[in-house]
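Presented below is the structure to which this report refers.
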Amino acid sequence: MSIAGFFAEGIDYRLPHPALDDSVLLIAHNAICHAFSLLRGAPPAGFELSSAQENAITQQLEWILENRLRRSGKVAGFDERIFQKVRRGAEVTNYDGKHPSKKPDLVFDLVRDAPLALSSLDALFVECKPVDKDHSFETHYGTKGAFRFINGDYSWAMQEAMMVAYVRDGNVLSASLARSFAKEPLHSLLGKPTAMMRVANCAGTSVAEPLHFTTHERNFEWPQDRGSANAIRIFHSWHKCS
């Protein structure tokens, strides 16, 4: 059988891929928190977190996560037993193969024994977006961010994804996200997200909120007549950048 944009002969896989334990998402969140702490404490020459643009922050995060932290043992669990490389702007193909050059902001490749998973898609896909007065929450975090997990652009074989917010202007996760996600038309566009749930054993700090997730319906059909995509949990990792 053929799929538009995919070679399928002799490839056996199941959808969705096995669910990730919350602990894996918490490790990624902790690693991002640690990367931000390093970036605040010893920023590279010419870099100011309070004024840096989205791409510049994401570039620094990827560099620190991959080259400073992943193999260092500085963050419990963030090592080669669970994660392969952290990549920025890696090209991936959407669910039906019609868009072969989609570029999620960060991809945390996974190490796990999942023989019926598509290894090129077995990863934690992350979108990073500013949350401030200059970037509409509905447009940037919603339509240009979380929606890409709903429509099958990113993480279409997975059951989890992550949004990372670069927060300025006093925005707070519980108020900003809950209020905006409840409003139409964003509520329907984002697959009728559930109320936020806090991840167990995750404490917030003055510069990073506790990790939460929302669950969203998805609006596409999996390839090879494998049925409708199931719901996806989107984890929200918010970090003060002012």
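Candidates [x] 1.04; [y] 0.99; [z] 1.13; which is the computed Cα Rg over 2.2 N^0.38 Å? Computed from these coordinates, Cα Rg over 2.2 N^0.38 Å corresponds to label [y]. Work out which trypsin sites (Lys or Arg not before Pro) in the chain are exposed loop sites (DSSP not H, G, I, E or B, at most 16 other Cβ within 10 Å) and give the longest gap free of them. Answer from the scan: 15-70.
Can you pick out the pairs among 102/240; 85/183; 144/240; 102/183 whose Cα atoms lie more than 32 Å from each other?
Values: 102/240 28 Å; 85/183 37 Å; 144/240 20 Å; 102/183 28 Å.
Result: 85/183 exceed 32 Å.
Residue 242 exposes around 90 Å² of accessible area when a 1.4 Å probe is run over every protein chain in place.
Please report the antiparallel percentage of the DSSP beta bridges confined to the chain, to the nearest 5. Intermediate values should be presented prior to the final figure.
Working: 20 of 34 bridges.
Antiparallel bridges make up about 60 percent of those DSSP assigns within the chain.
Let a ≥ b ≥ c be the square roots of the eigenvalues of the Cα gyration tensor of the stretch 166-220; is it rounded (a/c under 1.5), or, if not, prolate (a/b larger than b/c) or oblate?
Working: a/c = 2.78, a/b = 1.56, b/c = 1.79.
It is oblate, given that a/c is not under 1.5 and a/b is not larger than b/c.
One decimal place: the segment residue 195-residue 175 gains 6.0 nm when fully extended, by the rule 0.36 nm per residue minus the C-alpha distance.
In the complete set of protein chains, residue-level accessible area for residue 197 is approximately 100 Å², probe 1.4 angstrom.
Rounded to the nearest 0.05, what FRET efficiency is calculated for residue 74 and residue 113 with R0 set to 22 Å and r the Cβ-Cβ distance? After rounding, the FRET efficiency stands at 0.25.
Once you sort the root eigenvalues of the Cα gyration tensor of the stretch 10-126 as a ≥ b ≥ c, which label holds: rounded (a/c under 1.5), prolate (a/b larger than b/c) or oblate (the other case)? It would help to have the intermediate numbers written out before the result.
Working: a/c = 2.81, a/b = 1.55, b/c = 1.82.
Cα axes put the stretch 10-126 in the oblate bin.
Take every pair of alpha-carbon atoms less than 8 Å apart whose residues are at least six positions apart; their mean separation over the length of the chain yields a relative contact order of 20 percent.
As an exercise, identify the GluC sites (Glu not before Pro) in the stretch 31-68 lying in DSSP coil whose Cβ has no more than 14 other Cβ atoms within 10 Å. All intermediate terms of the calculation are to be shown ahead of the outcome.
Working: sites: 48, 54, 62, 66; in loops: 48.
Counting only loop positions with at most 14 other Cβ atoms within 10 Å, the GluC sites (Glu not before Pro) in the stretch 31-68 are 48.
Taking all protein chains together and rolling a 1.4 Å probe, residue 154 ends up with roughly 10 Å² accessible. Quickly estimate the mean residue ellipticity at 222 nm for the chain, helices only: each DSSP H run with n ≥ 4 gives -39500 (n - 2.57), and the total goes over all residues, rounded to 500. Helices in the chain give a 222 nm mean residue ellipticity of -6000 deg cm²/dmol. Ranked by solvent-accessible area (1.4 Å probe, protein heavy atoms only, all chains present), the residues 155, 174 order from largest to smallest as 174, 155. Take every DSSP beta bridge whose two residues both sit in the stretch 89-178; close to 50 percent of them are antiparallel.
The values are calculated or read from the model by the stated rules, or taken from the named source; none is laboratory data. Owing to the predicted nature of the structure, the values given are computational and were not obtained by experimental measurement. Cβ: placed from backbone, ideal geometry, glycine included. Neighbour counts: every protein chain shown. For accessibility, only protein heavy atoms count, side chains too; no ligands or nucleic acids. Shrake-Rupley method; radii C 1.70, N 1.55, O 1.52, S 1.80 Å.
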